Amino acid sequence: MASQPTAVPRARSAGQILAGAARAVEPALRQAVRHLAPPIRRLTDYHLGWTDAEGRPAAVPGKALRPALVLLACQAIGGRAAQALPAAVAAELVHNASLLHDDVIDNDQLRRHRPTIQALFGTPAAILAGDALFFLAVQTMAQAPAPLCSTGLQWLTAAVQELIDGEYADTTLEQRPDPVSPSEAAAMAAAKTGSLISVSCALGALAGGADAQRTTHLRDFGSHLGQCFQLADDLLGIWGDPAVTGKPRLADLQARKKSLPVTAALSADNAPARELGALYATSRPMGSDELERAAHLVEAAGGRDWAIGQSRHHLGQALEHLRAADPEPAAEADLACLARLAADRTS
Ligand code: FPP
Ligand code: MG
């Protein structure tokens, strides 16, 4: 008798994966924010994309990358997504808390195509909304079943300390007059962006009951994905389309940020690198022609190609760690798709 062909599940697109994770996590996220006082909730609901500036319902949520990684890492080791739900909520809350504070630090007026909380309601509102979301994340983990409420909470808070260290490094590198090496910038990015992405994968593995080796591979998968993500963010900050990124173009260059492509460009031994160094040494605001020139110089000095090459390298490393975690095939396909999305945003 002829055997029945095995049904091969069709691979999901990154958009479908992220939308699925957003749908899975939203009810629990909405439940968690009910603990906040109504005036603070007005701010956090706006920041989370659920309301407009007047408090009317809206739907402009973030990407839900971190919750997707938590849920998929849990499924990758054979767990059920529901086991990892509190960690997915906590990761999304910490991420949003950090963005609120980051927009204050960067004095940014636009995020996800909308005015930031500080642009609409002022700096104290943005700081306090960030504090509220951050401690809500801690409460969510503290109330989760073991091991999320014990080991998981420790891992999350350790990652947040790294996040803070990385963000502080970002601000001090910006001010530093002497050269910043690409490896220093990469270490900053690993802490600022990689730590939360990496712990999201580790928390998913923990919730699903993974052993130490599989957990470490998933954590390392997340670290490399985090590098891809920050490289893309930095490249899009210079060459991205504001209609797509939702953030103004060239703001990083105006702020003299030592982003990854910029540090690579500045450390090159060529004429564009020296001209870029001279432009970066000025403190007056650059005009639009100068900003375009600076973007051209980053590329001419080799910063753009370096960053794209780095992104390919980290994608390769991420996929190797994913394979080594011996994941369930469907979750592996989704995680690999998200890693490729993070890297492909650069080209
Ligand atoms: C975005 O960087 C910022 C981060 C990835 C981390 C920010 C971390 C903190 C503010 C410290 C932690 C604080 C709390 C409350 C947990 P970016 O400016 O390069 O990216 P952007 O272009 O999206 O602004
Ligand atoms: Mg910022």
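The values are calculated or read from the model by the stated rules, or taken from the named source; none is laboratory data. Since the structure is predicted, the reported quantities are computational estimates derived from the model, not experimental observations. In this analysis, Cβ positions are derived from the backbone assuming ideal geometry, glycine residues included, and neighbour counts consider all displayed protein chains. The accessibility values were calculated without ligands, DNA or RNA, using every heavy atom of the protein model including side chains. Shrake-Rupley method; radii C 1.70, N 1.55, O 1.52, S 1.80 Å.
Across all directions, the average flat footprint of the convex hull enclosing the Cα atoms of the range 138-268 is 9.2 nm².
For the range 187-229, what mean projected area does the convex hull of the alpha carbons give, in nm²? Present the calculation step by step, with values, prior to reporting the outcome.
Values: hull surface 10.2 nm².
Projected area, direction-averaged: 2.6 nm².
Maximal additional length on extending the Thr123-Leu279 stretch stands at 53.1 nm, based on 0.36 nm per residue less the C-alpha distance. Among 83-94, 113-124, sorting by the average number of other beta carbon atoms lying within 10 angstrom of each residue, highest first, gives 83-94, 113-124.
In whole angstrom, the range 47-104 maps to an equivalent ellipsoid with semi-axes of 26, 13, 8, each derived as √(5λ) from the alpha carbon gyration tensor and ordered largest first.
Against the criterion of solvent-accessible heavy-atom surface with a 1.4 angstrom probe, Arg12, Arg323 sort, most first, into Arg323, Arg12.
Multiplying the residue separation of Gln31 and Arg12 by 0.36 nm and subtracting their alpha-carbon distance yields 4.0 nm.
Can you work out the accessible area per residue across the range 230-347, with the rest of the protein chains kept in place, probe 1.4 Å, in square angstrom?
Values: 5290 Å² over 118 residues.
Accessible area per residue, the range 230-347: 45 Å².
Structure remark: mean-square fluctuation, Gaussian network model of the chain, C-alpha springs under 10 Å; the largest value among Asp326, Asp241, Asp269 belongs to Asp269. Once C-alpha pairs closer than 8 Å and six or more residues apart are averaged by separation and normalised to the residue number of the chain, the relative contact order reads 19 percent. The fraction of accessible area contributed by carbon and sulfur in the chain is 56 percent, rounded to a whole number (1.4 Å probe; ligands and nucleic acids excluded). Taken over the chain, the percentage of Cα pairs per 10 Å bin, counting from 0 up to the bin with the maximum distance, is 6, 25, 33, 24, 10, 2, 1, 0.
Cross-link reach is defined here as a Cα-Cα straight distance under 15 Å, omitting same-chain residues fewer than 8 places apart; for Lys258 the aspartates and glutamates meeting it are Asp106, Glu167, Asp170, Glu174, Asp178, Glu184, Asp233, Asp234, Glu299. Along its first, second and third principal axes, ordered by size, the range 242-347 spans 54, 33, 18 Å in Cα coordinates. For the pair Glu299 and Ala59 in one chain, pulling the backbone fully straight at 0.36 nm per residue adds 82.7 nm over the alpha carbon distance. Placing a label point 7 Å from the Cα of Ser288 along the Cα-to-Cβ line, the residues of the range 94-115 whose backbone N sits under 19 Å from it are 109-110. Along each principal axis, taking the top coordinate minus the bottom one, the Cα set of the range 36-140 gives 45, 26, 25 Å in descending order. Rounded to whole Å, give me the distance from the Cα center of the range 177-252 to that of the range 43-57. The range 177-252 and the range 43-57 have Cα centres separated by 27 Å.
Three principal axis extents of the range 106-206 based on alpha-carbon atoms, in descending order, are 47, 37, 21 Å.
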